[in-house]
């Protein structure tokens with residue numbers, strides 16, 4: 001007996017590698033086809049999703065009205081819909097029409113942790129908006145659970161987790177190669193923009209008197225690049241693909257994420273999978289999953305240059321044996337979430 005054909009529609013914002021790795025996992029299931037509508041204008045990164053069998057991409061800009069997008073979705077006859085939150089109003093109208101006209105589950109991803117404030121407006125509006133638009137919320141981690149629950153979704157309608165690093169890829173980084181001579185490079189990967197807290201990292205770095213041959217490398221793009229290039233003692237590299245990021249992780253001895261705002265931070269998962277000791281601000285949503293103080297790294301208060309300096313100096317003054325132990329600990333923590341777990345959680349609604 002042939003398995004029932006499963007059509008999945010993704011209504012997504014800007015695609016990134018961590019989205020694609022979950023899509024690849026989904027199509028490993030029998031008779032699955034995925035249709036992905038994604039933002040194709042005003043992108044923050046130059047990343048372009050690769051062609052993959054049974055995955056079809058549609059630029060968001062080609063749909064001028066809610067009706068056009070809804071009709072396309074309806075013609076696909078999907079078994080389930082996934083949408084990346086509620087920031088795209090057209091997606092929201094489509095989700096509502098789907099729930100009203102089609103008897104299929106609609107899953108919304110959420111990476112925002114609960115912090116109150118303006119989020120109370122969402123809580124008040126949820127019975128008339130989110131509860132009508134979505135059947136389930138698929139959250140990044142434990143930090144997002146309270147928000148999902150306050151929005152009126154019960155435990156059985158909250159799915160954990162919604163994103164993953166390509167753990168299989170980053171596990172290929174060979175920690176044992178660092179045993180002979182541990183690399184003295186601290187690595188940052190991400191946007192060059194104010195919310196990433198890079199100015200506090202730079203300030204902390206410049207206040208370290210004895211760096212003991214350690215260097216600092218920043219990889220990314222964004223509005224602060226010009227200012228960052230003024231620092232001659234820091235290497236600045238352009239955004240690159242995952243395979244090249246593996247190369248730089250292999251040459252690095254520590255990863256740092258000094259964000260002052262970071263709902264999740266898949267890059268922390270990637271760094272953990274790559275076997276790097278991690279320094280991160282405690283505001284990052286992924287920290288409880290992938291960073292344990294004095295085990296595989298250290299955390300600090302966002303925007304606090306002195307605490308960042310102290311964390312950096314702890315790494316700089318650690319022995320190779322201590323750094324290797326933290327590397328292996330990071331690798332173990334990275335196994336807490338995998339693309340397979342995320343994919344299976346999503347498919348559990350069928």
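Here is a list: 193, 176. Which entry is out of contact with any helix residue (DSSP H, G or I) (no Cβ under 8 Å at 6 or more places or on another chain), farther than 24 Å from residue 299 by Cβ and in the same structural domain as residue 316 (by TED's automatic domain parsing)? Give the steps one after another, and end with the answer.
Details: 193 fails: farther than 24 Å from residue 299 by Cβ.
Exactly one of 193, 176 is out of contact with any helix residue (DSSP H, G or I) (no Cβ under 8 Å at 6 or more places or on another chain), farther than 24 Å from residue 299 by Cβ and in the same structural domain as residue 316 (by TED's automatic domain parsing), namely 176.
Of the helices (runs of 4 or more DSSP H) entirely within segment 268-350, those holding at least 1 residues that are touching a residue at least 24 places away in the same chain (Cβ under 8 Å) and within 25 Å of residue 19 (Cβ to Cβ) occupy 287-290, 320-334, 339-347. In the set (1) crowded, with 17+ Cβ neighbours inside 10 Å; (2) assigned to a helix (DSSP H, G or I), the condition left unmet by residue 191 is number (2). Restricting 254, 289, 284 to those that are buried (at least 23 other Cβ atoms within 10 Å of the Cβ), more than 23 Å from residue 177 (Cα to Cα) and at pLDDT 95 or above reduces the list to 284. Scanning segment 300-314 for residues that are in contact with a helix residue (DSSP H, G or I) (Cβ under 7 Å, 6 or more places away or on another chain) and buried (at least 19 other Cβ atoms within 10 Å of the Cβ) yields 300, 305, 308, 309, 312. Restricting attention to segment 237-267, which residues are in a loop (DSSP other than H, G, I, E, B), touching a strand residue (DSSP E or B) at 6+ places or on another chain (Cβ under 8 Å) and in contact (Cβ under 8 Å) with a residue 60 or more places away in the chain? 239, 251, 252, 253, 258, 259, 260, 262 - these are the residues of segment 237-267 that are in a loop (DSSP other than H, G, I, E, B), touching a strand residue (DSSP E or B) at 6+ places or on another chain (Cβ under 8 Å) and in contact (Cβ under 8 Å) with a residue 60 or more places away in the chain.
The values are calculated or read from the model by the stated rules, or taken from the named source; none is laboratory data. Computed from a prediction, not measured in an experiment: that's the story for all the values here. For neighbour counting, all protein chains shown are included, and Cβ atoms are generated from backbone atoms with ideal geometry for every residue, glycine included.
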